[in-house]
1. Identify all residues within the stretch 149-165 that are at pLDDT 95 or above and either surrounded by 15 or more Cβ atoms within 10 Å (Cβ to Cβ) or in contact with a Lys or Arg (Cβ under 6 Å, 6 or more places away or on another chain) (or both); write none if there are none.
2. Inspect all residues belonging to the stretch 241-261 and state whether any of them is in contact (Cβ under 8 Å) with a residue 24 or more places away in the chain and at positive phi.
3. Hey, does the stretch 212-229 have a residue that's of a type in the set (S, T, Y) and farther than 26 Å from A193 by Cα?
4. If a residue counts only when it is under 30 Å from T271 (Cβ atoms) and either free of Cβ contacts under 8 Å to residues at least 60 places away in the same chain or in contact with an Asp or Glu (Cβ under 8 Å, 6 or more places away or on another chain) (or both), which helices (runs of 4 or more DSSP H) contained entirely in the stretch 123-219 have at least 1 such residues?
5. Within the stretch 98-125, which residues are β-branched (V, I, T) and either surrounded by fewer than 19 Cβ atoms within 10 Å (Cβ to Cβ) or in contact with a Gly (Cβ under 9 Å, 6 or more places away or on another chain) (or both)?
6. Please specify each residue of the stretch 259-295 satisfying the condition of being buried (at least 21 other Cβ atoms within 10 Å of the Cβ), in a loop (DSSP other than H, G, I, E, B) and among the aliphatic types (A, V, I, L, M).
7. Of everything in the stretch 68-95, what is within 19 Å of the chain's Cα centre (by Cα), outside any strand (DSSP E or B) and free of Cβ contacts under 8 Å to residues at least 60 places away in the same chain? Give them in sequence order.
8. Quick check: anything in the stretch 231-240 in a helix (DSSP H, G or I) and either closer than 14 Å to V144 by Cβ or in contact (Cβ under 8 Å) with a residue 40 or more places away in the chain (or both)?
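The values are calculated or read from the model by the stated rules, or taken from the named source; none is laboratory data. If you're wondering where the values come from, they're calculated on a predicted model, not measured in any experiment. Here the Cβ positions follow ideal geometry from the backbone for every residue, glycine too, while neighbour counts run over all protein chains shown.
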Amino acid sequence: MRNIFCVAPVLVLLAAISANAQERAFYAGKTINVLAPYDGAGSYPQIALALADELPRHLPGKPAGVAQFMPGAGGLKMANYLYRLAPRDGTTIAILFDGTPAAQLYYAGQGVDYRADEFLALGTLTRGDQSVLIVRADSPITSVADARTRDVVIGGAAAGAGNVVVPQGLNLVLGTHFKVLMGYPTMASILLAMEQREVDGTVVNWTNLRQLKPDWIAGKTIRVLAQVGFARHKDLPDVPLISELAEDARGQETLQLVSANGASGKGIVTTPGAPADRLALLRAAFVETLRAPDFIDKMNRQTLDLDPQPPEFLAEATARILRTDPQIVSVVRGVMEGK
């Protein structure tokens, strides 16, 4: 894994050294609560368990660590708790669900009771949770531009799902002819539909695709037309972002918002108002956690593309999303709601 956070850890560790003596007594005997927005066997609970096991070892006083799963409202329940109710003393950290900033735009006053830009970031685990628009390799479609003159059937789940919103957003901005066939209950069922030629393609998380169909990638039986995110994935340097396909600034901003759910890279944060000295210690402990062989092994078992980024990365991605023109937010929310 590449050098973590480049120069940033030096500053974090210097801050931690200065805080260490003052805060050692605070963390001794305490418990670090690591919140996850979902339960079950997915990556979020596993990341929370791994962080709860490793991160406290790198804090002065060696506090205990406990993972807490807080499912509900697609991740909003945890985010609201972290913002409104969690102790603001540096003992609670959380893995934000990928759509945390965008949800603030879509659902303000309708279930969102937080400000994403006020969470204090420790860093992120990745550069973004990238999805890709794929078609079968035997399809006549070789680029998104081809979909302007041909119908392309895309397998999707339901209104609001990424594999529905992305093709509909492309139709809106680029005038493409993606026809979304909804109702598939799982990604596995959509990929089976591709094999059976019920659909031409879909939008799928790149990591999930590598888990479910590694032979498709190795055998080049699919074609990746575009990727969804704020930065190109390291595996796909020559595949354009959907926002790069827009022909004007408004179209680009629209497709960036469509891409926003995967842009924050599994951010790790603590509460607003946590004391600065303890925040420095948490950030230093997070850096050391990312270097720990056992933690890296656990992330590899989740096939998570560890590409850690500093706190500034999450802050900048969040600010970029929250700056979106309200009219564009309204348009994309309409697409999400199937209007």
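1. The answer is D151, V152, V153, I154, G155.
2. Checked against the condition, which is being in contact (Cβ under 8 Å) with a residue 24 or more places away in the chain and at positive phi, the stretch 241-261 yields no hits at all.
3. Within the stretch 212-229, not a single residue is of a type in the set (S, T, Y) and farther than 26 Å from A193 by Cα.
4. Correct list: 206-212.
5. Once the filter is applied, which keeps residues that are β-branched (V, I, T) and either surrounded by fewer than 19 Cβ atoms within 10 Å (Cβ to Cβ) or in contact with a Gly (Cβ under 9 Å, 6 or more places away or on another chain) (or both), the stretch 98-125 yields T100, T124.
6. A263, A274
7. Once the filter is applied, which keeps residues that are within 19 Å of the chain's Cα centre (by Cα), outside any strand (DSSP E or B) and free of Cβ contacts under 8 Å to residues at least 60 places away in the same chain, the stretch 68-95 yields M70, P71, G72, A73, G74, G75, L76, K77, M78, A79, N80.
8. no
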